Amino acid sequence: MRPVGERHTEQKIGVGNMLYGGFAPSIQGMLAQSQSLNTISFNIANVNTGGYKKSDTLFSSVLTQRVSNAPQDFNYDFGGVQAQNRTLVRGQGHLVSSARNLDIALNGQGFFILNSQQDSGGNTLYGRDGMLFMSSGDEGTYTDPVTGKVSNYDEGYLIDKNGYHLQGYALDDNDEPTGALQSMRIDPYAFAGQGTPTTQARLGLNLPATLPIGEQKQTAYTAYNSDGGLDTIAFLWTKTAINTWEVTGSTDGGTITSPAATSVTFNGDGTVNTPDSLTIAGTASGGEAISYELDITGLTQFAGSLNETFYSYNGSSNATLESVTFDSDGFVLGAFSDTTMRKLYKIPIATFLNPDGLAGYNGNVWAESINSGSVTERFLDTFGSAQLLTNTLESSNVELQDEFTKMLITQQAYNSSATVFRTVDEMTQVAKDLKR
């Protein structure tokens, strides 16, 4: 049996350990609540930051190992609290309308794909802020094929506010994505010199059935030649017999070899009989080739006047790009100086199994990590969990009232931990005085 004095000494040691152990949870509590307050402050500061995703502070209890030199009766654990932040990347931010054509937003899952370099050889990053601009890149010159005028320009690419290049796919002749992801050039001369000739056209036209035999009517339609220039081809329609017309083509300064006195016949009900189409071939005033098929199944012969119901044709000119906008399927659309609207690129979006596990970087952008899983590219017209909104921006997903509520709770918890600290400090001072 141990002496009484020895037991009293061990009890004093145990009481002292318990008393000083009160400092640990109070200090840890103050540190944890300070971290929480820092997170709240950062959220509030970024309440209007585009694409910002708020963070939360989570708390978990921690226990130290047992004090090895104390008797079993006084073998207490020292505990406390530990704080850890998490970013709610998957949370949808507030959507705000905008007057800029280069402002876009995602409603739903996914991220825009960005690259730190113009040649797409830099770091791949992901973001939700669709406030876009046109960068200033390499200098170049362009010579107009018609006027010969030489123009100087700077190449311009779609970038976000951090200067990262938005990535997209070029399109083939059927407006399908092709090639590899690339930075998208949108300066006025980005597509100059890339005119394509007309290969197909469709015509809807009523020829007057009551027109006397031998009389003529003339129409004219535009098409692109082999250099992307726009030519006007005139058609002379001559009624040669009942239900029969003869058509001949011509163009100013050039030659049309087909159609040349080609016969077009009609049925008794006014619909066209033969042929279904006309081959348009010749040479423009500058020597450029003209060659396309004109679908004339829309021709009719009814009583009344000459009446054009529709005309459409493919191809594009060597026009300059005047403005850029987007559609809900992720296509980048360009308005050109020849009044045409063309699809230029298609934007994919990136999805992850765990978006909250992405690694964050300055500028509200993220990078793939082990916790996020691998990236999967999707197109908006085949992906049902997101839509692209034009003339819209995504703001932060911070709810200001929630943050102020958390701030009050955090302040109260901090003050409580501080009160415990002061109390333990006073108790140790009293114990010290009693020992004397």
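The values are calculated or read from the model by the stated rules, or taken from the named source; none is laboratory data. What you see is a predicted model; the values in this text were computed from it and never measured. Methodologically, a virtual Cβ is constructed for each residue, glycine included, from the backbone with ideal geometry; neighbour enumeration extends over all protein chains shown. Just the protein is used for accessible areas: all its heavy atoms, side chains included, with ligands, DNA and RNA removed. Shrake-Rupley method; radii C 1.70, N 1.55, O 1.52, S 1.80 Å.
Here are the numbers for this structure:
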{"quantity": "Enumerated strands (runs of 3 or more DSSP E) restricted to segment 145-220, each holding at least 3 residues that are open to solvent by less than 20 Å² (accessible area, probe 1.4 Å)", "calculated": "165-171, 200-208"}
{"quantity": "Within segment 203-234, tally of residues that are within 46 Å of the chain's Cα centre (by Cα) and touching a residue at least 24 places away in the same chain (Cβ under 8 Å)", "calculated": "17"}
{"quantity": "Spans of strands (runs of 3 or more DSSP E) in segment 226-283 with at least 3 residues at pLDDT 95 or above and open to solvent by less than 20 Å² (accessible area, probe 1.4 Å)", "calculated": "230-241, 244-250, 277-283"}
{"quantity": "Residue ID - nearest to Gly373 (Cα to Cα), chosen from residues in segment 110-142 that are among the acidic types (Asp, Glu) and either touching a residue at least 60 places away in the same chain (Cβ under 8 Å) or touching a Leu at 6+ places or on another chain (Cβ under 8 Å) (or both)", "calculated": "Asp129"}
{"quantity": "Residue in segment 40-52 that is modelled with pLDDT under 85 and not aliphatic (A, V, I, L, M) present", "calculated": "no"}
{"quantity": "Residue that is modelled with the highest pLDDT [pool: residues in segment 387-428 that are assigned to a loop (DSSP other than H, G, I, E, B) and among the polar types (S, T, N, Q)]", "calculated": "Asn391"}
{"quantity": "Count - residues of segment 363-386 that are under 27 Å from Asn48 (Cα atoms) and not in a loop (DSSP other than H, G, I, E, B)", "calculated": "4"}
{"quantity": "Residue within segment 83-102 that is modelled with pLDDT under 90 and more than 30 Å from the chain's Cα centre (by Cα) present", "calculated": "yes"}
{"quantity": "Among the candidates Gly360, Gly334, residue that is closer than 30 Å to Gly29 by Cβ and assigned to a strand (DSSP E or B)", "calculated": "Gly360"}
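Conditions tested, residue by residue: (1) aliphatic (A, V, I, L, M); (2) crowded, with 16+ Cβ neighbours inside 10 Å; (3) over 20 Å from Arg100 (Cβ atoms).
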{"position": "Ala319", "(1), (2), (3)": "yes, yes, yes"}
{"position": "Ser323", "(1), (2), (3)": "no, no, no"}
{"position": "Phe326", "(1), (2), (3)": "no, yes, no"}
{"position": "Leu333", "(1), (2), (3)": "yes, yes, no"}
{"position": "Asp356", "(1), (2), (3)": "no, no, yes"}
